[in-house]
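What follows is a single structure, written as structure tokens, with notes after it.
Only the coordinates and a few stated rules stand behind these numbers; no lab work does. Keep in mind it's a predicted model, so treat the numbers as computed, not measured. We place every Cβ from the backbone using ideal geometry, glycine too, and count neighbours over all the protein chains shown.
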Amino acid sequence: MLSTQRGGKPAAPEGYVGSEELLFGRAIGALPESASLAVAAHAELCPEASSIVHRHKAVAGALIETLEPATLNEGALDRALKAIAGEEQASVAPLAAEAARDGLDLPAVLRRYVGPDVDALRWKRVMKGVREAELPVSDGAVCRTRLMHIDSGRPVLQHGHNGLELTLLLQGAYGDCTGEYRRGDLQVADEEIDHKPVAFGGEDCLCLVVTDAPIRFTGPFGGLLNLFVRYK
């Protein structure tokens, strides 16, 4: 199920919470790489989201066909096709070179960034029971994109947001003040959300997390932490 959250307010269509602009942005190629990765991985795990993306692509394609054709410079089409072919070959090559060794069923689009073994990434401890590993994206100077591992039963420190936080559940489950999230669910938290996610269900939680602005710690010691830690 497509389970995004924005301000904790449900909206149509049924089964969809939030808005469709992320899925539409993915369909027309308008998202930055970090957000596009999260939404594409979500669409691989969620048939409903995949259907919405394909529907938007069909509509966008129909609209493009109504536009007047533009004159291309000589060789422009050949250069564009070669560039696309090169990107596709580069993205598929790491997958073909070595099969996954970690036993995780990750979306193919994410596996291209992670590689064959999640444990081989450069993990760092964030707090007790929580660690993360950065992923390389072209807009890394603006957004942080990382895998986050939360031990079962452990909470993430309570925090609010100065921008958007996209969290895609890859393994396990967690809950916060907005509800419960499981594999394939995508939570979109904005400035209205102040939460303390807690992994539950007896299984460690693995998430893909994208943030475009630093978070604000809001728990009992939040004010003190914000003085010393700038966490995005």
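Annotation: amide H-H contacts under 5 Å for His161 (H modelled 1.01 Å from N, sequence separation of 5 or more, or interchain): Ile193, Arg216. For Gly129, the shell of other residues with beta-carbons less than 14 Å away shows a net charge of +2, using +1 for Lys and Arg and -1 for Asp and Glu.
Overall form of region 105-153: oblate. Here a/c, set by the Cα gyration tensor axes a ≥ b ≥ c, is 1.5 or more, and a/b is not larger than b/c. Using the Karplus relation 6.51 cos²θ - 1.76 cosθ + 1.60 with θ = phi - 60°, the per-residue 3J(HN,Hα) values for region 206-219 come to 10, 10, 9, 10, 10, 10, 10, 7, x, 7, 10, 6, 10, x Hz, with x marking Gly and Pro.
For region 123-137, 3J(HN,Hα) computed residue by residue from phi via the Karplus equation (6.51, -1.76, 1.60; θ = phi - 60°) reads 7, 9, 6, 9, 7, 4, x, 10, 9, 8, 9, 6, 10, x, 9 Hz, glycine and proline entered as x. In terms of packing, defined here as the mean over residues of other Cβ atoms within 10 angstrom, the peptides 35-47, 147-159 line up highest first as 35-47, 147-159. Counted by Cβ distance under 15 Å from Gly201, the other residues give a net charge of -3, where Lys and Arg count +1 and Asp and Glu count -1. With a/c under 1.5 counting as rounded, go ahead and sort region 110-205 into rounded, prolate or oblate using the C-alpha gyration tensor (a ≥ b ≥ c being the square roots of the eigenvalues; past the cut-off, prolate if a/b is larger than b/c, else oblate). It comes out oblate by the Cα gyration axes.
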